[in-house]
Amino acid sequence: MDNDILFRARQRGAANALPYAGAVTPQEAFELLQSTPGVKLVDVRTNAERDWVGRVAIPPDRHAAVEWNRYPGGAPNPDFLQQLVQVAGKDEVLLFLCRSGVRSRHAAKLATENGFANSFDILEGFEGDKDAEGHRKTIGGWCKAGLPWLGA
């Protein structure tokens, strides 16, 4: 099953000319994290987002947190790669997660450019896009998919 998921994820990457290995749905990410050694989720949201909005509920050895941007202010994290090297190996399959799937794409691209060849974006992110009323967690994402998470 996990090889099928990675195959489909790589196909998505090729079909969309992604500058990283590919993309997985939140459900596929969760399945990989449950069944495949050497897979790690890298949450690139700010510490404030994880503290105030929520975080994935998976074993600590299967995920890491490395901010793409700093809070407050949103300035890029100049230590992103250095911090990534401290929490992930270049031979691991890395699944990057952000709020809605934008920062995670940038993180997967940068990681790929720096030798993390198995970098994947988690489509839709943790909260997904905003609905008509401006709320998240109703259209897509980790939370909407009913995957385990801990609220703030």
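Confirm whether Val66 is touching a residue at least 24 places away in the same chain (Cβ under 8 Å) and among the aliphatic types (A, V, I, L, M).
Numbers: touching a residue at least 24 places away in the same chain (Cβ under 8 Å): yes; among the aliphatic types (A, V, I, L, M): yes.
Criteria met by Val66.
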Report task. Test each condition in (1) assigned to a loop (DSSP other than H, G, I, E, B); (2) of a type in the set (Phe, Trp, Tyr); (3) buried (at least 21 other Cβ atoms within 10 Å of the Cβ) for Tyr71 and report the one that comes out false. Result -> (3)
Query raised in the report: With respect to Ile139, is the statement that it is touching a Phe, Trp or Tyr at 6+ places or on another chain (Cβ under 8 Å), β-branched (Val, Ile, Thr) and at negative phi true?
Result: no
Query raised in the report: If you go through the stretch 14-33 one residue at a time, how many are in contact (Cβ under 8 Å) with a residue 24 or more places away in the chain and surrounded by fewer than 20 Cβ atoms within 10 Å (Cβ to Cβ)?
Result: 4
Query raised in the report: Do we have any residue at all in the stretch 93-109 that's out of contact with any Gly (no Cβ under 7 Å at 6 or more places or on another chain), part of a loop (DSSP other than H, G, I, E, B) and surrounded by 19 or more Cβ atoms within 10 Å (Cβ to Cβ)?
Result: no
Requested in this report: Filter the stretch 110-152 for residues that are out of contact with any strand residue (DSSP E or B) (no Cβ under 8 Å at 6 or more places or on another chain), part of a helix (DSSP H, G or I) and not acidic (Asp, Glu) and give the result.
Outcome: Leu110
Query - Failed condition for Lys90, given (1) more than 14 Å from the chain's Cα centre (by Cα); (2) assigned to a helix (DSSP H, G or I); (3) not aliphatic (A, V, I, L, M) - result: (2)
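No lab work stands behind these numbers, since they all come straight from the coordinates. Since the model is a prediction, treat every value here as computed from it, not as a measurement. Because the Cβ atoms are built from the backbone with ideal geometry, glycine has one as well, and the counts that use them run over all protein chains shown.
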